[in-house]
Amino acid sequence: MTSSGLQPRQDGDAALRLLRDGVLDLEGRLVDASNTTLRGILTLGELSARCVYKPVRGERPLWDFPDGTLAGREVSAYLVSRATGWDLVPPTVLRDGPFGPGSCQLWIDEPEDAEPLVGFVPAEQVPPRWFPIAAARDDDGAAYALAHADDPRLARLAVLDAVINNADRKGGHVLVGAEDRIYGVDHGVSFHVEEKLRTVLWGWAGRELPPDAVEMLDTLAGQVAGALGAELADHLTISEVAEVAARVDRLRQTRRFPQPPEDWPAMPWPPM
């Protein structure tokens, strides 16, 4: 739940109006982020909510992504998420702010009693219906496993990541919001034309896609060829939009979750 009580799914139109037109007052910086990431409060009339504002001028140059494009990729991830009907990415827009143009995304508060779905657990205590993904040891040499829940909500997020070619699905980028809804955040390094899927959600690798994912991909293919593709073209190159369509088609053909790559890192660093 956001600070105003807005529900990203039920109140999507109101959230987008607030994000686009609200007065943005900054509260502070999220210091763990690699790019400039600022938290603020948006106000529009009697409506207010927290947000995450990422100015383009604060983007750290990357060798494999064009400079100044990460904010548009954040917005593109929201557009694809909205088109799936799964609403896994909080409402996100491109707008002007105190430090110039940037992405502005609705802040998601995680309830204090929210159960984590991804994390490091003692190697001998991986919970039932969790997938161990990688082995690790702590500073004392104790064995741990990086693992995630076998949860259909996470499976949907894994499908979305395959569609947008997300190169940075860390465990910390998976949030549990109100009413046990999950959200993925931090999609600035997505939509590359080369395969760059890096994620901690490999538990379903090679398995058949669930029926709802197959149905979604069939619908999404038409949307990418139409209105969604036109929206994405405002933020991505023609080639990047074409590759979204190609990835959707490959998933429709295989009807399986992708396998980890063998010629580049399969997980982001750090994984959490």
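Average accessible surface for the chain: 48 Å² per residue, computed with a 1.4 Å probe over protein heavy atoms with every protein chain in place. Dimensions of the chain from C-alpha coordinates, computed as largest minus smallest value along each principal axis and given longest first, are 52, 45, 37 Å.
Out of the GluC sites (Glu not before Pro) in segment 71-131, which ones are loop residues according to DSSP with at most 15 other C-beta atoms within 10 Å?
On the way: sites: 74, 112, 124; in loops: 112.
Sparse-neighbourhood loop GluC sites (Glu not before Pro): 112.
Could you list the trypsin sites (Lys or Arg not before Pro) in segment 195-272 that lie in coil according to DSSP, counting only those with at most 14 other Cβ atoms within 10 Å of their Cβ? Counting only loop positions with at most 14 other Cβ atoms within 10 Å, the trypsin sites (Lys or Arg not before Pro) in segment 195-272 are 207, 255.
Simple rule: put +1 on each Lys or Arg Cβ and -1 on each Asp or Glu Cβ in the chain, find the dipole, and look at 90, 246, 18; the Cα lying farthest toward the positive end is 246.
Shown here for segment 181-244: GluC sites (Glu not before Pro) in loop regions (DSSP other than H, G, I, E, B) with at most 11 other Cβ atoms within 10 Å, namely 194.
Set against the 2.2 N^0.38 Å expectation for a compact globular protein, segment 116-272 has a Cα radius of gyration ratio of 1.08. Placing a pseudo-label 7 Å from each Cα along the Cα-to-Cβ vector at residue 110 and residue 207 gives an inter-label distance of 2.2 nm. Remark on residue 48: its backbone amide H falls under 5 Å from none of the residues 5 or more positions apart or on other chains, H modelled at 1.01 Å from N. Segment 57-125 and segment 162-208 have Cα centres spaced 10 Å apart.
Report the relative contact order of the chain, percent, no decimals, based on alpha-carbon pairs under 8 angstrom and at least 6 residues apart. Mind showing how you got there, number by number?
Working: 508 pairs, mean separation 46.3, N = 272.
About 17 percent, as a whole number.
Globularity index of segment 59-203 is 1.13 (Cα radius of gyration / 2.2 N^0.38 Å, N = number of residues). Considering only 267, 120, 232, and ranking their Cα positions along the charge dipole of the chain that arises from unit charges at the beta-carbon of Lys, Arg, Asp and Glu, the one farthest toward the positive end is 232.
Roughly how many debye, to the nearest 20, is the charge dipole of the chain about its Cα centre, given +1 on each Lys and Arg Cβ, -1 on each Asp and Glu Cβ, and no other charges? All intermediate terms of the calculation are to be shown ahead of the outcome.
Details: 27 positive and 42 negative charges, 89 e Å.
Taking the Cα centre of the chain as origin, the dipole is about 420 debye.
The three principal axes of the Cα atoms in segment 91-152 give end-to-end lengths of 49, 29, 22 Å, sorted in falling order.
Once neighbouring chains are kept in place and the probe is 1.4 Å, which whole percent of the accessible area of the chain is contributed by carbon and sulfur?
Values: 6610 of 13130 Å².
The C+S portion of the solvent-accessible surface of the chain is 50 percent.
The values are calculated or read from the model by the stated rules, or taken from the named source; none is laboratory data. From a predicted model like this one, the values you see are computed outputs, not experimental measurements. For neighbour counting, all protein chains shown are included, and Cβ atoms are generated from backbone atoms with ideal geometry for every residue, glycine included. The protein model used for the area step is the full one, side chains on, heavy atoms only, and it has no ligands, DNA or RNA in it. Shrake-Rupley method; radii C 1.70, N 1.55, O 1.52, S 1.80 Å.
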